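Here's the structure we're looking at; comments come further down.
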2 protein chains.
Amino acid sequence: MSRPLNDHEAIRQQLMDAAEEMVRTRGAINLSLTEVAAACGMSQSSFYRYFSSKEAFFEAIAGRWFEELNQIMEDVVASDLPPREKLFEFVARRVAVKRARFEADPNLFRANMDLGEEHWEVIRGYVDLADHYMAVILGEAMAEGCFPGYDLDHVVSLTNLVMQPFCNPFVMMDMIRTATPANLRIVVNTLFDGLGAAQAIQGAQNVTPLRAIS
Amino acid sequence: MSRPLNDHEAIRQQLMDAAEEMVRTRGAINLSLTEVAAACGMSQSSFYRYFSSKEAFFEAIAGRWFEELNQIMEDVVASDLPPREKLFEFVARRVAVKRARFEADPNLFRANMDLGEEHWEVIRGYVDLADHYMAVILGEAMAEGCFPGYDLDHVVSLTNLVMQPFCNPFVMMDMIRTATPANLRIVVNTLFDGLGAAQAIQGAQNVTPLRAIS
């Protein structure tokens, strides 16, 4: 097989496709680079002309998985939507992409999630990036007076707690029937209207909360 | 080994202990009744004097696991706490038990969760029972005017969505650092103060919500 030299990126994609097909059919455990290379009619030493290491290969696969999701995050954060709407879009648009991928091929989706767990050191950066962007949005909300009485780290952590069925793909798969856009809208509104509401009432109007706790 | 005939329940417990020890050391997959019986110096046919079927055995193991958790649910539902406090206690007391079990032996806890997934038909009844009790508590809250604009099924389903790190043991294990009693208190308050808050403001005072969404 002779290929033009500038075909480098196409061959990289082909090797990643081959790995995806193996993960789809056999699961994520112990994916062998030798077999991935062989599936593309290539020796393992040729493989290393396209990816410098096994880690570089998994980083490229993760990069392909997260590319669209990261673009969504950047677009939403850069938009001039109000913070409440930003948070909704930030989660809703990405969960729609993940849902579509899951529904297109549930086995592949599950296998990719297992691959991610196996290579958590590669995935962690993407999770941290999502937390960072979420913190930017929640920080904008706090600058407008939302979540009185809480610091930003705590608000990020509470948002992650209540959003698991929309952010954690394993929970999403289990709750596909109730983790809907309409329910996400309600959860976002509940968070914005409810988190710190008692403090706000007490602070601003100096009245006791409606429902005092014994 | 001669045992008094009235020792029936003690031998049942011993067989369940043997199964637990196997699950702890080898995981939940393909637990063999023959081996469980052998571990107690018993033939498989003797085993069936104590449990009528494999299903009956797993039901007894599940019954032992859920006994304390069900007792907590019954106690909290029967108490005269206000609904918000009931919901907190309903979740907090059970998550404390599950957390203690997890921390006492993480491998056994994980293996038991896998056993439950493998025998979901046995576990489903317990999950449905928890949903039923939760619905009783949330129904009491609604009778007091909480969650305006929502029906009970929807409130139960939304509560389950936002409570996953406290109700779903797999998520609990992943979020052990942030799924704390203090954060549960905040989530419960956020739900009571926030779910339906916009509707309540609009309905009662005929004003637009503070933060209109474009």
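The values are calculated or read from the model by the stated rules, or taken from the named source; none is laboratory data. All of these numbers come straight from a predicted model, not from anything done at the bench. Cβ atoms come from the backbone with ideal geometry, glycine included; neighbour counts cover every protein chain shown. To get the accessible areas, we keep the full protein, side chains included, count just its heavy atoms, and leave off ligands, DNA and RNA. Shrake-Rupley method; radii C 1.70, N 1.55, O 1.52, S 1.80 Å.
State yes or no: is B:V91 in contact with a Phe, Trp or Tyr (Cβ under 8 Å, 6 or more places away or on another chain), away from chain A (no Cβ under 14 Å) and in contact (Cβ under 8 Å) with a residue 40 or more places away in the chain?
When the stated conditions are applied, B:V91 does not pass them.
If B:D80 satisfies every condition in (1) within 14 Å of chain A (Cβ to nearest Cβ); (2) more than 13 Å from the chain's Cα centre (by Cα); (3) surrounded by 15 or more Cβ atoms within 10 Å (Cβ to Cβ) but one, which is the exception?
Single failed check for B:D80: (3).
Residue under question is A:M73, and the condition is that it be open to solvent by less than 20 Å² (accessible area, probe 1.4 Å) and in contact (Cβ under 8 Å) with a residue 60 or more places away in the chain; does it hold? Steps first, answer last, please.
Numbers: open to solvent by less than 20 Å² (accessible area, probe 1.4 Å): yes; in contact (Cβ under 8 Å) with a residue 60 or more places away in the chain: yes.
In short, yes.
Got a number for residues in region B:160-214 being modelled with pLDDT under 60 and either open to solvent by less than 40 Å² (accessible area, probe 1.4 Å) or more than 7 Å from every other protein chain (Cβ to nearest Cβ) (or both)? Show your work before the answer.
Initial filter on region B:160-214 (modelled with pLDDT under 60): B:202-214.
Among the residues that remain, those that are also either open to solvent by less than 40 Å² (accessible area, probe 1.4 Å) or more than 7 Å from every other protein chain (Cβ to nearest Cβ) (or both) are: B:202-210, B:212.
Total satisfying the criteria: 10.
Where in region B:1-79 are the helices (runs of 4 or more DSSP H), entirely inside, with at least 1 residues that are over 25 Å from B:L108 (Cβ atoms) and small (G, A, S)?
B:44-50, B:54-78
Select from region B:135-159 the residues that are closer than 25 Å to B:W65 by Cα and either out of contact with any helix residue (DSSP H, G or I) (no Cβ under 6 Å at 6 or more places or on another chain) or not assigned by TED's automatic domain parsing to the domain that holds B:L87 (or both) and write down the one among them that is most open to solvent (accessible area, probe 1.4 Å).
The qualifying residue most open to solvent (accessible area, probe 1.4 Å) is B:S157.
Give just the number: which of (1) open to solvent by less than 40 Å² (accessible area, probe 1.4 Å); (2) within 15 Å of the chain's Cα centre (by Cα); (3) closer than 16 Å to B:V188 by Cα does B:R93 not satisfy?
It is condition (1) that B:R93 fails.
With respect to B:A111, is the statement that it is part of a helix (DSSP H, G or I), within 26 Å of B:Q199 (Cβ to Cβ) and assigned by TED's automatic domain parsing to the domain that holds B:P82 true? Steps first, please.
Values: part of a helix (DSSP H, G or I): yes; within 26 Å of B:Q199 (Cβ to Cβ): no; assigned by TED's automatic domain parsing to the domain that holds B:P82: yes.
No; evaluated as a whole, the condition is false for this residue.
Cβ-Cβ below 6 Å, separation at least six or inter-chain, first residue in region B:135-150 and in contact (Cβ under 8 Å) with a residue 24 or more places away in the chain, second in a loop (DSSP other than H, G, I, E, B): which pairs?
Taking only residues 6 or more apart or on different chains, the pairs are B:F147/B:L195; B:F147/B:G196; B:P148/B:G196; B:G149/B:G196; B:Y150/B:G196.
Does B:M42 qualify as being modelled with pLDDT of 95 or more and either surrounded by 13 or more Cβ atoms within 10 Å (Cβ to Cβ) or more than 23 Å from B:L184 (Cα to Cα) (or both)?
Numbers: modelled with pLDDT of 95 or more: no; either surrounded by 13 or more Cβ atoms within 10 Å (Cβ to Cβ) or more than 23 Å from B:L184 (Cα to Cα) (or both): yes.
Answer is no for this residue.
This table checks each residue for (1) within 14 Å of chain A (Cβ to nearest Cβ); (2) within 16 Å of the chain's Cα centre (by Cα); (3) under 23 Å from B:A10 (Cβ atoms).
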site: B:G27; (1), (2), (3): no, no, no
site: B:Q71; (1), (2), (3): no, yes, yes
site: B:L87; (1), (2), (3): yes, yes, no
site: B:K98; (1), (2), (3): no, yes, no
site: B:L115; (1), (2), (3): no, yes, yes
site: B:W120; (1), (2), (3): yes, yes, no
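For A:A37, indicate whether it is open to solvent by less than 10 Å² (accessible area, probe 1.4 Å), aliphatic (A, V, I, L, M) and on the phi < 0 side of the Ramachandran plot.
Spelling it out, A:A37 is indeed open to solvent by less than 10 Å² (accessible area, probe 1.4 Å), aliphatic (A, V, I, L, M) and on the phi < 0 side of the Ramachandran plot.
Anything in region B:172-188 that is touching a Leu at 6+ places or on another chain (Cβ under 8 Å) and either outside any loop (DSSP other than H, G, I, E, B) or not assigned by TED's automatic domain parsing to the domain that holds B:V162 (or both)? List them, or say none.
Answer for region B:172-188, where residues must be touching a Leu at 6+ places or on another chain (Cβ under 8 Å) and either outside any loop (DSSP other than H, G, I, E, B) or not assigned by TED's automatic domain parsing to the domain that holds B:V162 (or both): B:N183, B:I186, B:V187, B:V188.
As an exercise: evaluate B:V127 against (1) away from chain A (no Cβ under 12 Å); (2) among the hydrophobic types (A, V, I, L, M, F, W, C); (3) open to solvent by 30 Å² or more (accessible area, probe 1.4 Å); (4) under 16 Å from the mean Cα position of the chain (by Cα) and give the number of the one condition it does not meet.
Result: B:V127 fails condition (1) only.
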